[in-house]
Structure formats: C-alpha cells, structure tokens
1. Going by the structure shown, is C:Leu25 at the interface with another protein chain (Cβ under 7 Å from one of its Cβ atoms), more than 26 Å from A:Val77 (Cβ to Cβ) and surrounded by fewer than 19 Cβ atoms within 10 Å (Cβ to Cβ)?
2. Give the range B:46-95 a look and list any residue that's over 30 Å from A:Thr62 (Cβ atoms), facing another protein chain (nearest Cβ under 7 Å) and exposed (fewer than 15 other Cβ atoms within 10 Å of the Cβ), or say none.
3. Is it true that A:Ile52 is out of contact with any helix residue (DSSP H, G or I) (no Cβ under 6 Å at 6 or more places or on another chain) and under 16 Å from B:Leu49 (Cβ atoms)?
4. Quick one: D:Pro37 ticks every box in (1) touching a strand residue (DSSP E or B) at 6+ places or on another chain (Cβ under 6 Å); (2) within 24 Å of B:Thr42 (Cβ to Cβ) except a single one, so which number is it?
5. Out of (1) under 16 Å from B:Ile11 (Cβ atoms); (2) among the hydroxyl-bearing types (Ser, Thr, Tyr); (3) buried (at least 20 other Cβ atoms within 10 Å of the Cβ), what's the single condition that is false for C:Ser16?
6. Do the conditions hold for A:Arg89, that is, is it under 18 Å from B:Glu72 (Cβ atoms) and among the basic types (Lys, Arg)?
7. Checking A:Ile74 against (1) among the hydrophobic types (A, V, I, L, M, F, W, C); (2) more than 23 Å from D:Met40 (Cα to Cα); (3) modelled with pLDDT of 95 or more, only one condition comes out false. Which one?
8. Within the range D:75-94, count every residue that is of a type in the set (A, V, I, L, M) and out of contact with any helix residue (DSSP H, G or I) (no Cβ under 9 Å at 6 or more places or on another chain).
Number of protein chains: 4
Amino acid sequence: MILVDVTYYPIGKGTSAAKYVKAALTVLKASGLKVYPGSMATVIEGNTLDEIFNVIKQGEETIISMGIERVETIIKVDHRLDLENSVERKMKAIS
Amino acid sequence: MILVDVTYYPIGKGTSAAKYVKAALTVLKASGLKVYPGSMATVIEGNTLDEIFNVIKQGEETIISMGIERVETIIKVDHRLDLENSVERKMKAIS
Amino acid sequence: MILVDVTYYPIGKGTSAAKYVKAALTVLKASGLKVYPGSMATVIEGNTLDEIFNVIKQGEETIISMGIERVETIIKVDHRLDLENSVERKMKAIS
Amino acid sequence: MILVDVTYYPIGKGTSAAKYVKAALTVLKASGLKVYPGSMATVIEGNTLDEIFNVIKQGEETIISMGIERVETIIKVDHRLDLENSVERKMKAIS
C-alpha cells in the first residue's frame, strides 16, 4: 500500500479551518480508503497513486465549494515497494 | 492556473538523487506543462489538479522504474480562484 | 502552544528508517515537550519556536551521529495566537 | 552548507500573502545568509541549523507582528555531510 498524509489550509476566511477540514474528511472517508485523521495532517492508505490523488482532489474541491478562494494543500507520499506497508506496520516499527 | 511544487526523495541507493531527479524532470517537461526546476523543489503550473497529479505520478513511477524501492514525494499545491495565478505573477508580487 | 509536525528521511542506508526514527523519538521525548509519534510524522507541542526547533535539531543530529550522511527533514509549524492551541483541542474541533 | 526551503502561509486576512512574504524576505535577507526567493518557497543556505532556524523564526515573527494571528510555516531541510552542498551545485547536478 501507498501511504500519504495531507493537510489542507483554507486561506482567507478567518483563522479557523475546522469546518472545512471536517467536510474534507467526510469526503476522504467516503472513498472507502483507510483514513486516519490527525492534529496536523490526515493519513490515507491506498493501493494506487491514482485513487489517492483522486480523493485528495475531491477533498480540496469540497473546501473550494464552501466558498474558499485559496487552498494550500501539503501532501507527503511514502511509496514503498520492498515490503507491504501500512500505518499499523509503521507504528509497530517505531514503538 | 494551479501552482504546485514537488520534491522526490529516492531512498536507499546512496546519498545522491541527481540522476533520478533528472529522469523525473524529463518526464515532467514532456507533459507540456510549464516546469521550473529548482534546488529544493520543482514548480509546475497547470490548469487542473488531474493533469498535475498525473504528471507527478509519472515522475514518481520513472524513479521507481530505475530500481528505487522507496520514494518519498513532497507536494505543495497553491490552488487559487480569485485571480489568474502564475509563477510570473507571484514573483512580481514579492519583488 | 505552538504545534509542529516533523518527519526525518535518512537517505543512503537502505529503505528502512525505523531505527533512526526511534532514536530521534527518544531524544524528542527526553526534551519534556509533548510528543505524539505517528505513521507519517511526529507531532510536537511546545511554547516557543526556540525550544521546538532546538529539539528538532537534536533529533536530526542524533540520526547523523548514527552514520547517516544525508537527512531530509520536513517540518510544518502551526503557530496560532487567537486561542490556546493543542493537539487535544484540534482533534475535538474536527471530530 | 545546509539548504532549507521555507514557505509561510499567513491565515485569516484575505487570500493575498505577498505583503507578509515580502516583509519576511527582508528579514531573511538581513541575516546575511544566502536567500533565493521563489514562487512557492524561499531557499536559504546556511552553515548551521541554529542560524537557519533562527532566521526562519524571525521571518515568522515578522508576519505575526503585522497583525496575522495564525501562520503555517512549511520547512524542508536538506542536511548533507558527504559533500559541500549549495544551491549552485544542486542546480548543476540536475541540469
């Protein structure tokens, strides 16, 4: 699996991003991919870059559809071929 | 336009990434999108998230095809609707 | 409080980063700051940028001291003045 | 040398960040470190993490001093020991 974390910064409508992030999370979860919300980023597990980028795009478009005119989106991709990767495996490896 | 910067970190085959980054840059440029290579990231200008994410994926797959078994890819998206954005405009705005 | 997440990518010694990340986590935790390890990044809560950057530097130097000759470190800072921020508060706000 | 790129996102006062970024750039340049402004991030070359983090902090505090109550700061550090690194060297390596 490919692991990604994503953070959306909605710009221009006050300092609080929570309602936009919640709406994006609803879309991310509806994708069927495993989604792990966090305080600084949301981790997503998927099988292909296509499905992951597609759902990140949907989250971004959801925020824009709420009237936000600028979104900064930060994505980190951990793409590994030499073993079967997962959030669970990584957490064990560092604990 | 949507602006993105992307950095690929090929992991596991020595400290130098230049040959992998060069190969990815060739693919990015072949997309027809405007590509601005830099010392810490490459900036891409595109019209849609789909075309941008697609070319970033192609760059990542190119690195993997060269025998790299782990790639970390960092992406920052600047998605702005309230004006016609571009690298040229942003550089003027801060100069 | 200021919230940060940090990810260390040790480059050049194989695809697995776990032993280096574990060593860095030990240093981060020894700082006395609140540290939340995650699968894609570690979140740190602190009162000042100085103390946060100092501990991130110590984590990076720990990895280098283990024989790693290149480290890429990704840091995201959430610096907010209009309310008392924390991991706990942010998780409630999006749940 | 250690290379870093930094991006400041001032949150909550409209979609345009240019005046805040310009003010931060003035502070970064006043440090004496080499500073390369870009469309998506500013690259800084320095000799130590301490001096680099210190100037990044000053840039962030400058933005806050202009009335911004939330800043998101994204930092990528390229810390390499096996050769004398620089923006100039990296640009040659990928060209």
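1. Values: at the interface with another protein chain (Cβ under 7 Å from one of its Cβ atoms): yes; more than 26 Å from A:Val77 (Cβ to Cβ): no; surrounded by fewer than 19 Cβ atoms within 10 Å (Cβ to Cβ): yes.
It is false that C:Leu25 is at the interface with another protein chain (Cβ under 7 Å from one of its Cβ atoms), more than 26 Å from A:Val77 (Cβ to Cβ) and surrounded by fewer than 19 Cβ atoms within 10 Å (Cβ to Cβ).
2. B:Met91 - this is the single residue of the range B:46-95 that is over 30 Å from A:Thr62 (Cβ atoms), facing another protein chain (nearest Cβ under 7 Å) and exposed (fewer than 15 other Cβ atoms within 10 Å of the Cβ).
3. Numbers: out of contact with any helix residue (DSSP H, G or I) (no Cβ under 6 Å at 6 or more places or on another chain): yes; under 16 Å from B:Leu49 (Cβ atoms): yes.
Taking the combined requirement at face value, the residue satisfies it.
4. Tallying (1) touching a strand residue (DSSP E or B) at 6+ places or on another chain (Cβ under 6 Å); (2) within 24 Å of B:Thr42 (Cβ to Cβ), D:Pro37 fails exactly one: (1).
5. (3)
6. Spelling it out, A:Arg89 is indeed under 18 Å from B:Glu72 (Cβ atoms) and among the basic types (Lys, Arg).
7. Failed condition: (2).
8. Residues flagged as of a type in the set (A, V, I, L, M) and out of contact with any helix residue (DSSP H, G or I) (no Cβ under 9 Å at 6 or more places or on another chain) within the range D:75-94 amount to 2.
The values are calculated or read from the model by the stated rules, or taken from the named source; none is laboratory data. Keep in mind the model is a prediction, meaning the values are calculated, not measured. As a convention, Cβ positions derive from the backbone with ideal geometry for all residues, glycine included, and neighbour counts pool all protein chains shown.
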